1. Label chain A by shape, choosing from rounded, prolate and oblate, from the square roots a ≥ b ≥ c of the eigenvalues of the Cα gyration tensor; if a/c is under 1.5 it is rounded, and otherwise prolate applies when a/b is larger than b/c, oblate when it is not.
2. By how many nm would the segment from residue B:267 to residue B:124 lengthen if fully extended, with 0.36 nm per residue of separation less the alpha-carbon distance?
3. Measure out, as a whole number of angstrom, how far apart the alpha-carbon centroids of region B:289-319 and region A:208-275 sit.
4. Averaged over peptide A:34-47, how many Cβ atoms belonging to another chain are found within 10 Å of each residue's Cβ?
5. Let me know the Rg and Dmax you get for the protein assembly as shown when you use only its Cα atoms, in Å.
6. Arranged by the count of other C-beta atoms within 10 angstrom, fewest first, what order do A:249, B:64 take?
7. What's the FRET efficiency of residue B:250 with residue A:258 using the Cβ-Cβ distance as r and R₀ = 60 Å, to the nearest 0.05?
8. In what sequence, highest mean first, do B:69-82, A:29-42 appear when ranked by Cβ atoms within 10 angstrom?
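Derivation of every value follows stated rules applied to the coordinates shown; laboratory data play no part. None of the values given here were measured: they were computed from a predicted structure. Cβ: placed from backbone, ideal geometry, glycine included. Neighbour counts: every protein chain shown.
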């Protein structure tokens, strides 16, 4: 009698550390197609198409510049308000969209996830990657203005830290994805969290230096009482590094930047574990 | 020992009743607090009783079965028997509460129409996406793309968004993708219900080919016994989460149809059976009894006599009777007219002989219909009930039916008359 071989075993009991990494490797094409799907589907039947990726941050930036920058006087010191807010908006949008889109993974795709198995981590990963498409369009848009400001000499000083940009982008995507996966794992049972995500992300943006310059606020400057607490927000040091690299505005606190990476990795790992745990039974509760 | 493709070992799947589904954190806390204060749960609907912790539902109850490689196996059972649940477990969409499932090979599942189709994408894009979801690489799909499109019969619309497709077109495309994958195990749940007859037959042929020539394993779930019969060589009958029968398709279907032909009764009481609303019941069928046999089992060609009993509430209406003979899968074989019945107000009986030589060996049920029709063709239904179950066995007479194939049907029509040699 030949020994019976099994390629897959569906077990009733699963270990906590049961993330299907092996299966994930064979899913490059699937990830690519999901990214393509979300991009194509997003701009189908729109006249302006991917131009929407620019229109949104552009108007946000205009509103921020006028109301927060000029009227409320929260703008940047040393660099033009417009480029300051534009850089903050697009980098924040990358993080926020990773978070919100990933948080819908289970509830939004219940139809397909309930019928066929593929490594579930494919979904959040492809969601995060597809956010980069929009980001790079916006990023190119920002670079145009950056060149314009450099030429006109408005105090913008891009520097060698630009080389660290990929690090910042990966960090924010991981962080958004991690939080998104935690939320999606929890929302399979309790839909309340979907409500929180919407305004939670908006509130979070106010706790991060998106709509104002923390280095021109005496309450938030390095050395102030709030500074250490404020910098524990893992998004803040990343935004600071991004702005410092491209605009030369503000400064980078490497201690807090390291801490924010530690937080990011912790969140991403916890997110992946919670996600993998809930993927097994989410069809029963979603 | 033959190689197995799937082994289901003592699998159970448990669902908690009422406790999940649409729950909010707030709702759950409310319920908990109410329970602590021994008050009524505010989230229960009026009249609903609080579910104790032990209110659980076993969708799959300690189920075990094996599926051999290259086998086309049908899973049949009534709604709620656990068919879809066991398929979901095998597809790894959800995990069992107890027990393990062992799989050998890649799985393609088609649990519902157009799995993973995105309405905004074109047919072409969806073929790639769907293929990838089912585990195919882009290169593999490239290779099979033309074949898939040709099979799906939607070549003309392949660059149109799926949302413009009719439901039939979607199924065709979905089936085409799934059936062209290089997976070892194919799982089909009620997929053919939407396609037209031609396409259904095409799919059945394709699946047969896939199973016999390519040696792939097929798990097929359907309520359409005709397709089960023509595709599957073995069936598993499920009932209330348990396997109640495993074996030959014919027998499995008989069991699924709740056909108790072998319970040896020759007296069929129809007085309490449920009636169709079209029947006005002015003449009410009471019973039917086989007279010259003590078991409802006949040799091919044998004649049997039966007696019907009915109650009429008048004696001036014209009353006719006919019998509709159904085969085991509930498809009608033919009709037998019994002519007009003489009757008085009150209880009446009539006796008939039935010639079985027009039926091939097998199991049958008979619906008795009391009716009247006028010359214009208007029909008045008095009563209709399933009143007879019997089986016909092979006999010396039935030599010509020895090699009877199931796709010949169930009726033996009269011989042709030779008029010139």
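1. Verdict is prolate for chain A.
2. On the way: separation 143, 0.36 × 143 = 51.48 nm, distance 6.09 nm.
So the chain would gain 45.4 nm between residue B:267 and residue B:124.
3. 90 Å
4. Working: counts 4, 0, 4, 9, 1, 0, 5, 6, 1, 1, 7, 2, 0, 0.
That works out to 3 on average.
5. Spelled out, the Cα radius of gyration and Dmax of the protein assembly as shown are 34.8, 117 Å.
6. Ascending number of Cβ neighbours within 10 Å: B:64, A:249.
7. According to the calculation, E is roughly 0.25.
8. Details: B:69-82: 20.4, A:29-42: 18.7.
Those peptides, ordered most packed to least, come out B:69-82, A:29-42.
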